[in-house]
Amino acid sequence: MTDFTDLVAVVTGGASGIGLATAKLLASRGARVACLDLKPEGVEAPLVGVGADVSDDESVRAAIAAVVERFGRIDVVVNNAGIGAQGDVTANPDDEWHRVLDVNVLGMVRVSRAALPHLRESPSAAIVNTCSIAAWAGLPQRALYSASKGAVHALTLAMAADHVREGIRVNAVAPGTADTPWVGRLLDSAPDPAAERAALEARQPHGRLVSADEVAGAVAYLASPLSGSTAGTVLAVDGGMHGLRLRPT
Ligand code: NAD
């Protein structure tokens, strides 16, 4: 039941990290997958890279039109593209707040809006949004990023309510700290990246970072008929951080 044969999936941010792992997994299960990304050049067959900026409505519309032109349908949308921000509420000027919310929240709105007419035609329609434990955890020095992911959580519930009766299920995954190029870049900027990584791993409940493949597995589940009675759920993939009510440090 995680067979995606004949189905078409769109994965935003699909050229790296969680998005790329998800795209590869869906393709391995038979989907034709379009990776919408700012930098689609590195996307390799059978995945199809499509240049798109989710913060630009014209760009999103053109990318979705290109996917439909090429594949004739869209069944699964994985709204995964996102960017980070650090600091407390004093750290980022208004234009930075607008930029991050524009990518992390409105990006999902734009892609969903453009894809919905096609999802309505699908017998197996699903949207999976990439949220984060930042939506719930009260992470220190992540005010803007946390606010953006809190909005993704609420947006997921609202979209699920609006579209479940149309046969379009909307859910989200909420990764803990995942081992992706994004986190690699953060670690590399530390004075001692190896020591920083070891400390970060030690802070996770299960003593290691979440793998991108583990997040991809949760996305594939929520995109597949295996989860056919699940809507409006945000599935934590965080080693138990949220479920066990642990405090991130
Ligand atoms: P990543 O940086 O490895 O990949 C993100 C991809 O998104 C990149 O290919 C980038 O080019 C693309 N992208 C960025 N802005 C874009 C835009 N405006 N339009 C189109 N594409 C754009 O990051 P990742 O760690 O794989 O993160 C993916 C998602 O997972 C993000 O939404 C992030 O918030 C979320 N997340 C990550 C972690 C983590 O620890 N890595 C934890 C929780 C949630």
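Below are the figures for this structure:
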read-out: Some residue of the range 70-79 being in contact with a Pro (Cβ under 8 Å, 6 or more places away or on another chain), closer than 28 Å to Leu226 by Cα, more than 10 Å from the ligand (Cβ to nearest atom) and among the hydrophobic types (A, V, I, L, M, F, W, C); value: no
read-out: Residues of the range 138-183 classified as more than 12 Å from the ligand (Cβ to nearest atom), free of Cβ contacts under 8 Å to residues at least 40 places away in the same chain and of a type in the set (S, T, N, Q), total; value: 0
read-out: Unique match (being of a type outside the set (D, E, K, R) and within 13 Å of the ligand (Cβ to nearest atom)) among Ala216, Ala220; value: Ala216
read-out: Residue list for the range 138-148, restricted to those being surrounded by fewer than 20 Cβ atoms within 10 Å (Cβ to Cβ) and either in contact with a helix residue (DSSP H, G or I) (Cβ under 6 Å, 6 or more places away or on another chain) or in a helix (DSSP H, G or I) (or both); value: Leu139, Ala143, Ala147
read-out: Residue within the range 221-239 that is free of Cβ contacts under 8 Å to residues at least 60 places away in the same chain, surrounded by fewer than 20 Cβ atoms within 10 Å (Cβ to Cβ) and more than 24 Å from Asp75 (Cα to Cα) present; value: no
read-out: Residue in the range 102-114 that is more than 19 Å from Ile64 (Cα to Cα) and without any contact (Cβ under 8 Å) to a residue 60 or more places away in the chain present; value: no
read-out: Residues of the range 120-137 that turn out to be within 16 Å of the ligand (Cβ to nearest atom), buried (at least 22 other Cβ atoms within 10 Å of the Cβ) and among the hydrophobic types (A, V, I, L, M, F, W, C), as a count; value: 6
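Just so you know, all these numbers are worked out from the coordinates, no wet-lab data involved. This is a predicted model, so every value here is computed, not measured. Glycine also receives a Cβ, built like all others from the backbone with ideal geometry; neighbour counts cover every protein chain displayed.
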